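Read the structure below first, then the notes.
The values are calculated or read from the model by the stated rules, or taken from the named source; none is laboratory data. For clarity, every value in this text was computed on a predicted model and none was experimentally measured. Glycine gets a Cβ as well: all are built from the backbone with ideal geometry, and neighbour counts include every protein chain shown.
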Amino acid sequence: MKPLSVVVTSVCDLFAWFMIVFGVYVINNGHNTPGGGFQGGAIVATFLSFMLVAYGGKRFWAWVHEGVYGFLEFVGLVAFFVFGCLGFPNSFFYNSVSIPEGGKVLSEWLPYSGTISLMNVAVGFEVVGALSLVVIYMYGSLRMIDTGAGMGGERGHDRFDR
Amino acid sequence: MKKTIFIAAAIVLGGLLCEMFEAIHPFGIPVNTEMDDYILVHALSDRSAQNVVTSMVFDFRGFDTLGEAAVLFTALSSVGALFRDGGKRE
Amino acid sequence: MTDSIVKTTSDFAGNAAYVVVALLVIMALYSILTQKNLIKICIGIAVLGSSVNFFLVLLGYRQGGIPIYYLGGAEKAMVLPTPQCLTLTAIVIALATTALMLSLVILIHKHYGTMNVDEIRRLRG
């Protein structure tokens, strides 16, 4: 994929970072405003496809590291499960750390809605990792088709085997 | 020929769907709303979450969301397995 | 008040939103059943899923209901939250299945060199 014109790259330089900030805002305020982990994660993951469209394949592969997104996915899933286990005296996924009306504040660092906003952050990590990895894998398949490298599958009756 | 068959089938199917929609409750008046009313009332007072949908996704029905995350992870690993570089042509 | 509104309108006009769902389902089935291109079939499947999501959200609408965010509390005038929650789940699952579907289409295109289902049906080798 070839890079687009200087207009698109300038717009990418200017506004792509604000897109990430907006996605993080949507994730962090998921318990108060419309949005949440999935929606904000999708907004943040849009950055990678924006980068790919604006700067083309070469810059994309130089910039991206698959391990980072795999790590984000792993951290999100494990944190989600751990936050679910926090309510275990009562039941799985019970929100035992939330502070209801007139309740006592356990710690200054805990958000009032308890595991709801914590799970928002965890699911946001997971969705960012998953959608970015999908974009990376599907664009990488394009590269594999160009070079004809192996993609698994059955041998013997591929087009490229003849 | 194929299109005429499909149009006839579509008319029949549309009629059946409209008949089916007559059988459910009229638009705007849902029935059996006790559970939803309970959640609307208790989302803020019990859980301190203003966004009722988020409090439902992550708290009242958290197990659904765990399955959803599992589905997303499964789809991701399926895409990765389809396009993996590991083959390297033997 | 809500009863009088619905009683005065006829059944068809009152339930016109459901008719839109029926139209979407039929259009999606048209695309799935009669098109030859795999991408168009994928678009049809996505439209079918979206129509089902639309139907779920419509089921939870309450007459004169206000949107559900930002006013949690003892308000009985809001629309129902359960269908919206399940629709949120269904949207993410539809996204995941669409990604998997398009990946399979990429592999099929690499394997057969075409996207026409009639040519794919023939065995190779």
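Looking at region C:77-99, I want the residues that are touching a residue at least 24 places away in the same chain (Cβ under 8 Å) and more than 7 Å from chain B (Cβ to nearest Cβ) and have a partner that is of a type in the set (Gly, Ala, Ser) and buried (at least 20 other Cβ atoms within 10 Å of the Cβ) with Cβ atoms under 6 Å, at least 6 apart or on another chain. Which pairs are those?
Partner pairs satisfying both residue conditions: C:Pro83/C:Gly60.
Do we have A:Glu101 as under 23 Å from A:Leu72 (Cβ atoms), of a type in the set (D, E, K, R) and modelled with pLDDT of 70 or more here?
No; evaluated as a whole, the condition is false for this residue.
Could you please let me know if A:Val128 is away from chain B (no Cβ under 11 Å), in a helix (DSSP H, G or I) and crowded, with 17+ Cβ neighbours inside 10 Å? So that I can check it myself, show each step before the final result.
Numbers: away from chain B (no Cβ under 11 Å): yes; in a helix (DSSP H, G or I): yes; crowded, with 17+ Cβ neighbours inside 10 Å: yes.
Answer is yes for this residue.
In contact with a Leu (Cβ under 8 Å, 6 or more places away or on another chain), over 22 Å from B:Met56 (Cβ atoms), among the hydrophobic types (A, V, I, L, M, F, W, C) and touching a residue at least 40 places away in the same chain (Cβ under 8 Å) - does that describe any residue in region A:109-126?
no
Within region C:58-76, is there a residue that is closer than 28 Å to A:Val128 by Cα and either modelled with pLDDT of 90 or more or in a helix (DSSP H, G or I) (or both)?
For region C:58-76, residues closer than 28 Å to A:Val128 by Cα and either modelled with pLDDT of 90 or more or in a helix (DSSP H, G or I) (or both): absent.
I need the helices (runs of 4 or more DSSP H) fully contained in region A:1-116, keeping only those with at least 2 residues that are more than 9 Å from every other protein chain (Cβ to nearest Cβ), over 27 Å from B:Ala75 (Cα atoms) and polar (S, T, N, Q).
Those helices (runs of 4 or more DSSP H) span A:6-28.
List the number of the failed condition for A:Leu142; all other conditions in (1) surrounded by fewer than 16 Cβ atoms within 10 Å (Cβ to Cβ); (2) modelled with pLDDT of 80 or more; (3) assigned to a helix (DSSP H, G or I) hold.
(2)
How about region B:19-33: which of its residues are at the interface with another protein chain (Cβ under 9 Å from one of its Cβ atoms) and in a helix (DSSP H, G or I)?
Selection gives B:Met20, B:Phe21, B:Glu22.
Given the options B:Leu13, B:Leu17, B:Leu44, B:Leu82, name the one that is closer than 30 Å to A:Ser98 by Cα, out of contact with any Cys (no Cβ under 9 Å at 6 or more places or on another chain) and of a type in the set (A, V, I, L, M, F, W, C).
Just a single option satisfies the conditions, and that option is B:Leu44.
What are the residues in region B:36-57 that are more than 7 Å from chain C (Cβ to nearest Cβ) and surrounded by fewer than 24 Cβ atoms within 10 Å (Cβ to Cβ), if any?
B:Tyr38, B:His42, B:Ser45, B:Asp46, B:Ser48
Could you say which residue among B:Leu76, B:Leu72, B:Leu16, B:Leu82 is over 20 Å from the mean Cα position of the chain (by Cα), within 14 Å of chain A (Cβ to nearest Cβ) and either over 22 Å from A:His31 (Cα atoms) or free of Cβ contacts under 8 Å to residues at least 40 places away in the same chain (or both)?
B:Leu82
Here is a check on your reading of the model: is C:Leu102 at pLDDT 90 or above and at the interface with another protein chain (Cβ under 9 Å from one of its Cβ atoms)?
Numbers: at pLDDT 90 or above: yes; at the interface with another protein chain (Cβ under 9 Å from one of its Cβ atoms): yes.
It is true that C:Leu102 is at pLDDT 90 or above and at the interface with another protein chain (Cβ under 9 Å from one of its Cβ atoms).
When region B:49-79 is examined, which residues are found to be farther than 17 Å from A:Gly76 by Cβ, polar (S, T, N, Q) and part of a helix (DSSP H, G or I)?
B:Ser55, B:Ser78, listed by residue number.
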